[in-house]
Amino acid sequence: MAMPTIKQVRAYTVRGGGADYHDQGAEHWIDNHIATPMARYPEYRASRQSFGINVLGTLVVEIEASDGTVGFSVTTGGELGCFIVEKHLARFLEGQCVTAIEKMWDQMYFATLYYGRKGIVINTISGVDLALWDLLAKVRREPVHALLGGPVRDELQFYATGARPDLAKDMGFIGGKLPLHHGPAEGEEGLRKNLAELATMRERVGPDFWLMLDCWMSLDLNYATRLAQGAHEHGLKWIEEALPPDDYWGYAALRRQVPPGMLVTTGEHEATRWGFRLLLEQGCCDIIQPDVGWCGGITELIKISALADAHGALVVPHGSSVYSYHFVITRHNSPFAEFLMMAPQADRVVPMFNPLLLDEPVPVNGRMKASVLDQPGFGVRLNPDCALHRPYTH
């Protein structure tokens with residue numbers, strides 16, 4: 001059939017949850033004294049929102065085709081992302097055939113190279129790319145995973161990220177990833193507290209349940225090595241994002257120094273095939289964790305995954321709901337997925353991008369049947385009760 005062309009691109013922002021899941025109310029575990037690169041300053045230690053982790057807000061990209069079909073996506077980026085979409089990227093999209101995704105990605109990336117490459121610009125390109133995949137799949141009346149080659153397994157299995165791995169075990173997840181609460185600036189006492197918390201959680205979950213630590217870019221090589229060595233007796237499966245994302249040399253050294261059998265993982269804040277090529281070629285990690293809403297979208301994640309496969313590394317995308325589920329279900333080197341526990345006390349399963357998305361699937365007993373993902377596009381809708389704001393037009 002004749003494919004429609006892209007008629008109009010629109011960009012909106014919205015506050016409160018959604019893709020900017022750090023934009024939460026008070027007393028949420030995700031903002032409770034978590035080790036960060038800013039924890040070296042006591043005034044920014046207790047809350048990540050204190051140094052502005054929630055300033056961007058959610059970016060919503062809508063792309064309307066000439067036949068009236070609308071694809072959309074959500075990621076972080078807020079008003080900055082809206083400006084980039086409306087004032088720069090739209091020119092590479094409108095008038096193009098909806099199938100020309102590779103060409104559009106290429107033009108967006110190279111046109112922004114002089115001020116982009118990573119960060120907010122790649123977040124924004126990722127959002128546009130996800131909306132393009134949603135649009136094309138809806139035009140073809142297929143789920144996105146069908147465009148990616150189709151499922152290679154009947155269901156997804158999940159580990160949970162949150163403050164209560166013990167509750168996650170009861171909910172059927174295969175593992176639990178704790179946020180690290182104390183960084184190097186809190187000294188030996190902080191290190192002891194980190195290990196004590198891990199020991200307590202190991203007692204609660206028993207010997208076979210996966211336990212991991214999310215360090216959120218907060219450590220140096222010496223501290224990360226000592227933490228990994230101390231955590232070994234508590235059966236830590238992996239240490240995640242221990243160092244700043246640009247410290248490829250530190251990651252390579254850490255991987256050599258962790259106890260045998262412990263995995264080193266990173267990549268949540270890495271972007272594009274070139275960034276992940278550095279991680280893989282320098283032997284920085286065992287598992288890469290690209291966020292499909294930040295690394296360049298589905299178009300780039302396909303390339304990143306192929307690189308990882310050639311290097312014998314697993315790809316376990318950072319939690320991004322349906323946008324990663326449709327990819328993981330199609331790849332053998334993505335054997336499980338992450339689920340962020342967005343309930344304030346991590347004591348129940350709620351949709352990750354609540355309240356912004358409707359029909360967003362969640363794991364049941366730590367699993368999700370492939371058939372749950374069989375609706376056209378990514379299978380979700382925007383909640384009309386969420387007030388979208390379009391700060392720019394073109």
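The values are calculated or read from the model by the stated rules, or taken from the named source; none is laboratory data. Source: prediction; values computed, not measured. Heads up, the Cβs are rebuilt from the backbone with ideal geometry, glycines too, and the neighbour counts pull from every protein chain shown.
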Is at least one residue of the stretch 81-91 surrounded by 16 or more Cβ atoms within 10 Å (Cβ to Cβ), outside the structural domain of T299 (by TED's automatic domain parsing) and assigned to a loop (DSSP other than H, G, I, E, B)?
yes
Test R367 against the criterion of being among the charged types (D, E, K, R), surrounded by fewer than 22 Cβ atoms within 10 Å (Cβ to Cβ) and touching a residue at least 60 places away in the same chain (Cβ under 8 Å), and give yes or no.
yes
Which of (1) under 24 Å from S47 (Cα atoms); (2) among the aliphatic types (A, V, I, L, M); (3) in contact with a helix residue (DSSP H, G or I) (Cβ under 9 Å, 6 or more places away or on another chain) does L148 not meet, given it meets every other one?
(1)
Note on the stretch 140-155: residues under 17 Å from H332 (Cα atoms) and of a type in the set (K, R) are R153
Subset of the stretch 201-217 [part of a strand (DSSP E or B) and of a type in the set (A, V, I, L, M, F, W, C)]
W210, L211, M212, L213
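When you scan the stretch 368-378, do you find a residue that is at pLDDT below 95 and out of contact with any Phe, Trp or Tyr (no Cβ under 6 Å at 6 or more places or on another chain), even just one?
no
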Which of (1) assigned to a helix (DSSP H, G or I); (2) free of Cβ contacts under 8 Å to residues at least 40 places away in the same chain is the odd one out, the single condition Y223 does not satisfy?
(2)
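One line per residue, one yes/no per condition, for (1) among the aliphatic types (A, V, I, L, M); (2) farther than 17 Å from M342 by Cα; (3) crowded, with 22+ Cβ neighbours inside 10 Å:
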| position | (1), (2), (3) |
| --- | --- |
| E43 | no, yes, no |
| L56 | yes, yes, yes |
| D67 | no, yes, no |
| T75 | no, no, yes |
Positions within the stretch 92-110 being buried (at least 16 other Cβ atoms within 10 Å of the Cβ) and either free of Cβ contacts under 8 Å to residues at least 40 places away in the same chain or assigned to a helix (DSSP H, G or I) (or both), in sequence order:
F92, A100, I101, M104, W105, Q107, M108, Y109
Which is in the same structural domain as E86 (by TED's automatic domain parsing) and either at pLDDT below 95 or in a loop (DSSP other than H, G, I, E, B) (or both), of L113, L130?
L113
Within the group G230, G267, G235, which residue is modelled with pLDDT of 95 or more, touching an Asp or Glu at 6+ places or on another chain (Cβ under 9 Å) and within 21 Å of I34 (Cα to Cα)?
G267
Name every residue in the stretch 1-39 that is among the aliphatic types (A, V, I, L, M), in a loop (DSSP other than H, G, I, E, B) and surrounded by fewer than 22 Cβ atoms within 10 Å (Cβ to Cβ), in order of residue number.
M1, A2, M3, A26
Go over the candidates I287, I304, I298 one by one and state the one that is surrounded by fewer than 24 Cβ atoms within 10 Å (Cβ to Cβ) and touching a residue at least 24 places away in the same chain (Cβ under 8 Å).
I287
What are the residues in the stretch 309-343 that are within 12 Å of the chain's Cα centre (by Cα), farther than 16 Å from G267 by Cα and outside any strand (DSSP E or B), if any?
S321, V322, Y323, Y325
Within the stretch 136-178, of all residues that are of a type in the set (F, W, Y) and part of a strand (DSSP E or B), the one farthest from L373 (Cα to Cα) is Y159
